[in-house]
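Down below is the structure, laid out as structure tokens.
The values are calculated or read from the model by the stated rules, or taken from the named source; none is laboratory data. Worth saying up front: this structure is predicted, and the values here are computed from it rather than measured. A quick note on method: Cβ atoms are made from the backbone with ideal geometry, for glycine too, and the neighbour counts reach across all protein chains shown.
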């Protein structure tokens, strides 16, 4: 079972609260351009934090297959036979290396970052390959 680290969810919620506080501060001060920036930021970051709290487990594997988060907080079970490919996409930008786990089921492509999994996508892919064979 791979899940979002609890600290990330807390930081997102705190960031949303900070943006909301800035929106109130700018509203009282009459800076409505700042409010226009802060309110959507608070809503977006708050929504991401809420998702992390409501659906912390992004990927789980058992003998019958995997269960992935589908949509905002929904779950979808995929049997091992339905999984076509499990791979890790590695990219380098601005001197940083990032990995994304991609699980292809034919009709859906499920993509997970290291932040979603709380672990290295390479390690998770190796574990899924071991379990799926």
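Looking at residue 8, is it surrounded by 15 or more Cβ atoms within 10 Å (Cβ to Cβ), at pLDDT 95 or above and either within 29 Å of residue 130 (Cβ to Cβ) or in contact with a strand residue (DSSP E or B) (Cβ under 6 Å, 6 or more places away or on another chain) (or both)? Spelling it out, it is not the case that residue 8 is surrounded by 15 or more Cβ atoms within 10 Å (Cβ to Cβ), at pLDDT 95 or above and either within 29 Å of residue 130 (Cβ to Cβ) or in contact with a strand residue (DSSP E or B) (Cβ under 6 Å, 6 or more places away or on another chain) (or both).
Test residue 76 against the stated conditions and say whether it is farther than 19 Å from residue 131 by Cα and either surrounded by 13 or more Cβ atoms within 10 Å (Cβ to Cβ) or more than 17 Å from the chain's Cα centre (by Cα) (or both). Reasoning before the result, please.
Details: farther than 19 Å from residue 131 by Cα: no; either surrounded by 13 or more Cβ atoms within 10 Å (Cβ to Cβ) or more than 17 Å from the chain's Cα centre (by Cα) (or both): yes.
When the stated conditions are applied, residue 76 does not pass them.
The residues in the range 73-85 that are closer than 14 Å to residue 107 by Cα, without any contact (Cβ under 8 Å) to a residue 40 or more places away in the chain and in a loop (DSSP other than H, G, I, E, B) can be counted, and the count is 1.
Would you confirm whether or not the range 65-72 contains a residue that is more than 27 Å from residue 126 (Cα to Cα), within 14 Å of the chain's Cα centre (by Cα) and either without any contact (Cβ under 8 Å) to a residue 60 or more places away in the chain or not assigned by TED's automatic domain parsing to the domain that holds residue 127 (or both)? Walk me through how you get there before you give the answer.
The first filter runs over the range 65-72 and keeps only residues more than 27 Å from residue 126 (Cα to Cα), leaving none.
So far as the range 65-72 goes, no, none of its residues is more than 27 Å from residue 126 (Cα to Cα), within 14 Å of the chain's Cα centre (by Cα) and either without any contact (Cβ under 8 Å) to a residue 60 or more places away in the chain or not assigned by TED's automatic domain parsing to the domain that holds residue 127 (or both).
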